[in-house]
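J.: Sharing a structure below in structure tokens format, with a few things to ask.
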Amino acid sequence: MTFRTAVVSTALCLAVLAGGCGHIPMPSPDRPRGGRLMDDLRVLSADDMEGRLAGSRGSIRARAYILNRFKQEGLRPLPGGWLQTFEFSTRRAPDDVVRGTNIIGWVEGRRHPDQFIVVSAHYDHVGLRDGQIYNGADDNASGVAALFEIARRLRGHAPDHSVIFVAFDAEEAGLKGAEAFVKKPPAPLDQIVFNLNLDMVSRLDKGEIYAVGTYQYPELRSPLEQVAQGAKVTLRFGRDTPQDAERNHWVELSDQEPFYRAGVPFLFFSVDDHADYHEPTDDAERIPVSLFEAAVDLIARSFHAVDTMDLATLKTQSHR
Ligand SMILES: [Zn+2]
């Protein structure tokens, strides 16, 4: 146990003894706008999550909520358990060792139970800075809420492939959770045939969302185009070609990168940067609710399209 974790645990226990924060927060019964997705997003981006910095008290609270929701949606633990812990330090504070925790559950596939799709979203954000809470509603409470929705749709409709759902920790510290996962995967890496990663999927201020990865895996393009027909939001491709320079090249910018580097085909959904990106104003109130819901529907149907593909072959084919 790291020093930081010990301090946080003690603080939590004291708070629990004082009757302060022993409960897992639940969505309020009166819903101003939106359904289940927005309920989950609001809980994860509420002030009491304190910005969900890896190793923080808010992170522990978020973890309790996510684990509970995974169980509610019928996910089961893999032999390694629900939680995968790892230690990391950052360039900013190289001597400060932080413990991160990924949350992992799975559903067994019907046709290819020994081939795994990893559906992922990071739950950490940047915490508190100068007394302000960075709630990270879009980044990335939105992606985690979408994980629950994809899992919910699999209840009673088993997928073709086995599906591992993972809420990654410490993405903001430099993809630390995803790196730890790929380094010590809960299923053999050669049986992990796909990564679908979600990071910032709610702020469709322009009504569009990007699917990144079709340059590397062109076979994904046509199934996605079919899914996008008739969708209430616009699906855009790109941000993955040699012409997309630096911050416009998104392949390396989120948790799909360690998978891609390990030769696992990926698809990454995200919106464009917006004025509230990594600002304390990234709040639930700023989300265009019906566009967010439509985007998650598009993502869930994209998952289904990918699940029906021959992913073992896709993985063995050469890619760019
Ligand atoms: Zn993010």
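Read the figures in this text as sums done on the coordinates, not as results from a lab. Quick caveat, the model's predicted, so the values are computed rather than measured. Here the Cβ positions follow ideal geometry from the backbone for every residue, glycine too, while neighbour counts run over all protein chains shown.
J.: Which lysines have a Cα lying under 24 Å from the Cα of K71, excluding residues fewer than 8 positions away in the same chain?
T.: The reachable lysines, counting only those whose Cα sits under 24 Å from K71, are K184.
J.: Give me the Kirkwood hydrodynamic radius of the stretch 142-207 in Å, from all C-alpha pairs, to one decimal place? Write down the numbers at each step before the final one.
T.: On the way: mean 1/r = 0.0727 Å⁻¹.
For the stretch 142-207, inverting the mean 1/r across all distinct Cα pairs yields 13.8 Å.
J.: So how strong a dipole does the stretch 3-316 carry about its Cα centre when Lys and Arg Cβ are +1 and Asp and Glu Cβ are -1, to the nearest 20 debye? Show your work: numbers first, answer last.
T.: Details: 35 positive and 45 negative charges, 183 e Å.
That gives the stretch 3-316 a dipole magnitude of about 880 debye.
J.: I've got another one for you. Which log10 I(q)/I(0) values does the stretch 107-193 give at q = 0.13, 0.19, 0.21, 0.23 Å⁻¹ under the Debye formula, counting every alpha carbon as one identical point scatterer?
T.: Relative scattering, expressed as log10 I(q)/I(0), comes to -0.50, -0.90, -1.01, -1.11.
J.: With r defined as the distance between the Cβ atoms of R221 and K183 and R0 fixed at 35 Å, what FRET efficiency is calculated, to the nearest 0.05?
T.: Working: r = 30 Å, r/R0 = 0.87.
Working from the Cβ atoms, E equals 0.70.
J.: Right, another one. Helix 57-72 versus the longest principal axis of the chain: what angle, 0 to 90°, nearest 10, using Cα atoms?
T.: Taking Cα atoms only, the helix is inclined about 50 degrees.
J.: Another question about this same structure. So how strong a dipole does the stretch 200-320 carry about its Cα centre when Lys and Arg Cβ are +1 and Asp and Glu Cβ are -1, to the nearest 20 debye? Don't skip to the answer; put the middle values down first.
T.: On the way: 12 positive and 21 negative charges, 100 e Å.
The calculated dipole for the stretch 200-320 is roughly 480 debye.
J.: How many angstrom lie between the Cα centre of the stretch 74-150 and the Cα centre of the stretch 200-241?
T.: 23 Å
J.: Give me the angle, in degrees from 0 to 90, between the Cα long axis of helix 142-153 and the longest principal axis of the Cα atoms of the chain, rounded to the nearest 10.
T.: 60 degrees
J.: From the phi of every residue in the stretch 129-141, what ³J(HN,Hα) in whole Hz does the Karplus formula 6.51 cos²θ - 1.76 cosθ + 1.60 yield, where θ is phi - 60° and glycine or proline is x?
T.: Along the stretch 129-141, the couplings run 9, 6, x, 9, 8, 8, 6, x, 5, 6, 10, 9, 4 Hz.
J.: I need the semi-axes of the equivalent ellipsoid of the chain: take the C-alpha gyration tensor, multiply each eigenvalue by 5, square-root it, list largest first in whole angstrom. Don't skip to the end; give the middle numbers.
T.: Working: eigenvalues 170, 96, 80 Å².
So the three semi-axes of the chain are 29, 22, 20 Å.
J.: Another one. Antiparallel DSSP bridges in the stretch 3-316: what percent, to the nearest 5? Don't jump to the answer; show the numbers that get you there.
T.: Values: 18 of 40 bridges.
Here the antiparallel bridges make up roughly 45 percent for the stretch 3-316.
J.: Which angle between 0 and 90 degrees, to the nearest 10, do you get for helix 289-307 versus the longest principal axis of the chain when only C-alpha atoms count?
T.: So the helix axis and the longest Cα principal axis differ by about 50 degrees.
J.: Which of H125, H278 comes first, and how do the rest follow, when ranked by fewest Cβ neighbours within 10 Å? Can you show the working numbers first?
T.: Working: H125 30, H278 13.
In order of increasing Cβ crowding within 10 Å: H278, H125.
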